[in-house]
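The values are calculated or read from the model by the stated rules, or taken from the named source; none is laboratory data. What you see is a predicted model, and the numbers here were worked out from it, not measured in a lab. With ideal geometry, Cβ positions are generated from the backbone for all residues, glycine too; neighbour counts draw on all protein chains shown. When the accessible area is computed, the model is the full protein with side chains, heavy atoms only, and any ligands, DNA or RNA have been set aside. Shrake-Rupley method; radii C 1.70, N 1.55, O 1.52, S 1.80 Å.
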Amino acid sequence: MNLKPRRWLIVAFVGCAGILYSSNQLPEPGGGRSPSGNPAVLDPGNFVHFEDLRIVDFSPGRRYLLSNTTARSRLQLINNTGVEAELSFQCDRPFVADVPELASGRKFRELAAKKKPMTRASFRLKRDHATSVLVERGTEECLLTFRDRKDPSRQGGAILRNEVAAFPWLRSQIEHVESCTPEIPAESLPVEKFFFSKSHPQLGCVHGDPVYEPLESPESGFLARFEALLGYRPDPSFIENQNPHAELDFSRAPQLDAIFVATLVYRSDFYGTVLSRILKWHADRGTIVHLITTQYMMLEKDQRLLRSLAASHGNFRIQEFRYYDPDFVLGKPFRYIDTKYRDMHLKLFVTLSRGEPSRNLVIVGGRNIHDGFLYRKMPDHSEHPELVHFGVDEAFVHWADFEMKITSKSVAESVHAHLVKFWNRDSYTQEMMPFQVAGGGSAARDGAGAPSGTGGASLLRHFVSVPYEDNRALEKLFVELIDEARSTIKLSSPYLRPTPAILDALSRAIGRGVEVTVQTRISLKGDTAAWLYEEVNKESINRLLNRAKIYEWTGDSILHSKFILVDGVVGFIGSVNLSRRSFIQDTENGFLIRDRELMARMNTIFEGYLAQSRPITEKQKRKWFASLVVRVLRDQF
């Protein structure tokens, strides 16, 4: 799932005009970064985190949260009351008022430094206009009051509290840093070294023996989330009837401390509406809910649903990801494409419960919160005008995909901590506070323990990638993983255009006798910009033809699963496509898993894909125009 069709008109036009764009590509790994992959100049104390607060009515006594524990919060106050309003804002620490959004983080910081700090400020905002304040790190409380300028009797107010002041237990998650055991057991296989290595600071420490549940059917991901939040699975008719407002039973719902949802797309359809109702219930009950999605992928109805929830429920936190190019200047017009279309491509669902350990779980994979991943045929939402109507608001295609449910208290807490660091990142550079530090120590916390040897234990590490901030660490991990393969590599990816480094690693593997099997697509009918992505896949198929076994999915859907299996021992399962976007442009996540029983199950799933596919034995004919666009915008696919 990629860009909206109308926006690809801009991309195609700019691409064909921008032959010189290649001079503005991102540097190869190692350029312009410190050895750790982090910017060498940004002081963590100078982090700026962007947040929005939408004022939708004149209700008094609303409560909201500020993510200003590790960063200054640039809070945008948006007047959505429908009338001109007068606002008053005050905090327990000085803040800076009227700091506009700028494309350049350097210029933003310079402007903020010139502003005079204050503890109280007043604003007049026209309807649908905004102003902003820069709240200092560690500010515990701010007070916002507002009134209708023409009718002062209509007035409201809100209290904004630091998230740790409101949820003291959250501090341990925000400040969590892991120190992983570096020793590699002597009996380990080469491909197992990643579970004991400290060379990848973007990897969480190793966890032992979680409980895995593959979620294969389209309904399974929805049902797993439903059960995690409500404590039961609904009757099949609940999905079949397609009524997002059907009665829900909350009597068996667990007591959750936190829920984190990360998804490229969150649609206001059946799936999205049902999930939002349940998330709202938990937020009202005292659970802190974080939901992050990619701003430019949102339809108007998606924005209406999510923004109204965030405006009305202080514990329901929404973040619309947008990339800001820290090097943006008018002299690099083609960097616009990088700036506009870098995705927040994390796909994770996490629940935490201190009181009920069995409720701590993670769901990872390729699915979005979207009816196209739930229904095989286009659903009919004509009775619900507030929902996205497929065939009108957006085309419909079924995405055949895969997810994994992982139940483990230590894994859920570690992944949640990693996601909270991403949430609290610097909004300009996307830099996060450190998650892993060098040195010995426990590889997992709260008694989970790291196995002292490989034995038959199940091992797991999770990964969060911000490639333009972490020196393309995910690419390095994949290259090393492929280089350690001795017998088989099995890849499933709907988009196939490896980076040169990964393609070289695959060539080395083939050269030493490793059997490489690739499951992908040629026809991407129904996908956005299918004419371009089909050309991308053809290029890579031709490069690997007669060297690797390549299969094309022929099912009545787009196979969207993303995983790699190595030697039947280790797998990487997550959001990562085998495309340049995943390793150069987009934030990604996944789990590196060593579990022979699970890998056998994954192999069965992979063989099931092959049974619905055909082997590709012929060279693919290229289309010159699409090939030109792909060549010009080489790192966008």
### Task
Could you pull out every one of the lysines with an alpha carbon less than 19 Å from that of Lys280, ignoring same-chain neighbours closer than 8 positions?
Lys301
### Task
With r as the distance between the Cβ atoms of Asn542 and Arg277 and R0 = 56 Å, compute the FRET efficiency 1/(1 + (r/R0)^6) and round to 0.05.
0.70
### Query
For Ser458, which sequence-distant residues (separation of 5 or more, or a different chain) have an amide H within less than 5 Å of its own amide H, given hydrogens modelled in the peptide plane?
Asp209
### Task
Starting from the Cα of Glu140, step 7 Å along the direction of its Cβ; do the same at Ser88; then give the gap between the two resulting points in nm.
2.3 nm
## Note on the structure
At R0 = 35 Å the Cβ-Cβ FRET efficiency linking Arg631 and His129, nearest 0.05, sits at 0.20
### Query
Ignoring ligands and nucleic acids, what accessible area does Trp281 show with a 1.4 Å probe (Å², nearest 10)?
70 Å²
### Cross-link pairs Lys107/Lys421; Lys421/Lys476; Lys377/Lys562; Lys377/Lys621 - those with Cα-Cα distance over 28 Å
Lys377/Lys621
### Query
According to the Cα gyration tensor, what semi-axes, each the square root of 5 times an eigenvalue, does the equivalent ellipsoid of segment 251-322 have, listed from largest to smallest in whole Å?
20, 12, 11
## Note on the structure
SASA check, Asp249, accessible area w/ 1.4 Å probe, all protein chains in place, rounded to nearest 10 Å², comes out at 50 Å²
### Query
From a point 7 Å beyond the Cα of Thr119 in the direction of its Cβ, which residues of segment 59-101 have a backbone N at a distance under 20 Å?
73, 88-98
### Message
Using a 7 Å offset from Cα along Cα-Cβ at Glu101, what residues in segment 134-167 end up with backbone N under 16 Å from the label point?
### Response
134
## Note on the structure
Rounded to 0.05, the calculated FRET efficiency for the beta carbons of Arg508 and Ser382 at R₀ = 45 Å is 0.25
### Summary
In order over segment 572-584: 3J(HN,Hα) from phi, Karplus 6.51/-1.76/1.60, θ = phi - 60°, whole Hz, x for each Gly or Pro, gives 10, 10, x, 9, 7, 7, 7, 9, 4, 3, 5, 9, 10
### Query
Roughly speaking, to the nearest percent, how much of segment 93-208's 1.4 Å accessible area is carbon and sulfur?
50 percent
### Query
What are the residues whose amide H is under 5 Å from the amide H of Ala400, where those residues sit 5 or more places off or on another chain and H is modelled from the backbone?
Ile558, Leu559, His560
### Message
For segment 159-300, what does the accessible surface come to per residue with a 1.4 Å probe? Please give it in Å².
### Response
34 Å²
### Message
With a 1.4 Å probe and all protein chains kept in place, how do Asp483, Asp128 rank by accessible area, largest first?
### Response
Asp128, Asp483
### Message
Within segment 498-613, what whole-number % of the accessible surface is contributed by carbon and sulfur, with the 1.4 Å probe and all protein chains included in the calculation?
### Response
46 percent
### Query
How would you order 87-95, 152-160, 612-620, 272-280 from highest to lowest mean count of nearby Cβ atoms within 10 Å?
272-280, 87-95, 152-160, 612-620
